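**Q** Shown below is the structure under consideration.
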Amino acid sequence: MKWEWVPGNRIRLLENGEDFFPRVFEAIANAKKEVLLETFILFEDKVGFELRDVLVAAAQRGVEVLVTVDGYGSSELTPEFLASLTTAGVRFHVFDPRPKVLGMRTNLFRRMHRKIVVVDGEIGFIGGINYSAEHLGDFGPQAKQDYAVEVEGPIVDTIHRFARAVLTQPDRRRRWRGRADTPSVTQNRDTAGDAQALFVTRDNERHHTDIEQHYRIAIRAARSEITIANAYFFPGYRLLRDLAKAARRGVKVTLILQGEPDMPIVKVAAHLLHDYLLSAGVTIYEYCQRPLHGKVAYADDEWSTVGSSNLDPLSLSLNLEANLIIRDKPFNAVLRERLQYLIAHHCKKIEPEPGRRRSIWRLTLGFLVFHVLRRFPAWIGWLPAHTPRLARVTPPPQALAEKADTERGAACES
């Protein structure tokens, strides 16, 4: 597919669940024709139940509701929760559902990691926020810091056609690609704003490196500054080299990484890159207030991106991801202000240690861990593997019978 910038969009930054959930739930509550929703995680907590309620209400008033969750990220959904959705008419799909072995999930790789919502083909949401109370501040110290965007304008057509296409591939016996080569020319639609946008996905067929390539293009083109805030930062050598080169040519390169990660190995891995990046002049901050879950960046005064893709081996080499690339000075200014606020109030700067000689052990460990983590997705790909599939969840027969009885009773009363 030939990716093309689409002008005429209005894009609004949504920070954390406090911004994101009310806007998504309101859009679904006002839906007239269709709701398309993809997410990695859907939990049965106060956020998940509220999402269920608005989806059920939409389906009951005749809106076509299509939901896709990942079989690894949403593996704990109960039959009762699913039945409440499917009985109401929600078309519910699970990407790569796999049985547990000895109580452990086996579908760790090739996950559907996208977070997309499209309502009536007119308003879209995309970012890194899952449907979980973990994204609300009142969850406590482990509440996640994250971002998404609300989108209106012609780019919503592209997102909508992509989301429809991945649910309507005609031959389920073939490998489920999790992508759609939609037409590059967006349908005519009234403009909603001045932002140019590009919807970019990553899959395991034709678009292996698209998101990574757009990061690298922005880094190489940066003239004054580039700031990346990313939850799981362990990219490939080429992207690291681009960051180092940008810093050496005078670009202010800033990384905001996890200081309080939900997985300790993330911090260990990131620290192995510090020496290389700091020596090139890159500035590194650790966000320490709570776990950082964001996947955002901005360059100079116009380019920015928000999406689901981390800069680590899973996101860059295995997962199905989606990012929105944005050219818009007002949006860039808002994102810049929010990230600078994090730096000023909740981050610790990582200082280089001049004169410290790195031991042979540290150099050897860094070399081994870097190459193992960077190459393990390819090694996994060599192993015999199941074909990921998209499974439809059907209503239980008893629930359908009860629904039919209720409808017949209502008809007789009327």
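**Q** Return the aspartates and glutamates within reach of K252: Cα separation strictly under 18 angstrom, same-chain partners fewer than 8 residues apart disregarded; answer none if there are no such residues.
**A** E225, D242, D275, E286, D300, D301, E302, E337, E351
**Q** Please report the equivalent ellipsoid semi-axes of the range 61-168, computed as sqrt(5 x eigenvalue) of the Cα gyration tensor, largest first, in whole Å.
**A** 24, 20, 15
**Q** Mind ranking S309, S317 by accessible surface for me, highest first, 1.4 Å probe?
**A** Accessible-area ranking of S309, S317, largest first: S317, S309.
**Q** Please compute the volume of the convex hull spanned by the alpha-carbon atoms of the range 299-357 and report it per residue in Å³.
**A** Dividing the Cα hull volume of the range 299-357 by its residue count gives 141 Å³.
**Q** Just read off the accessible area of R10 with the full protein assembly in place, 1.4 Å probe, to the nearest 10 Å².
**A** So the heavy atoms of R10 present about 80 Å² to solvent.
**Q** Multiply the residue gap between Y237 and S279 by 0.36 nm, knock off their C-alpha separation, and tell me the result in nm, one decimal place.
**A** Residue separation times 0.36 nm, minus the Cα-Cα distance, leaves 13.6 nm.
**Q** Just subtract the alpha-carbon distance of Q142 and R223 from 0.36 nm times their residue separation and send over the number in nm, one decimal.
**A** 25.5 nm
**Q** If you don't mind, there's one more thing I want to ask. Putting +1 on Lys and Arg Cβ atoms and -1 on Asp and Glu Cβ atoms, find which of I211, Y237, A221 reaches farthest to the positive end of the dipole of the range 203-260.
**A** So the residue furthest toward the plus end is A221.
The values are calculated or read from the model by the stated rules, or taken from the named source; none is laboratory data. What you are looking at is a predicted structure, and each value in this text was computed from that prediction instead of being measured. Don't worry about glycine lacking a Cβ; one is built from the backbone with ideal geometry, like all the others, and counts go over all protein chains shown. The area values use the complete protein model at the heavy-atom level, side chains included, leaving out ligands, DNA and RNA. Shrake-Rupley method; radii C 1.70, N 1.55, O 1.52, S 1.80 Å.
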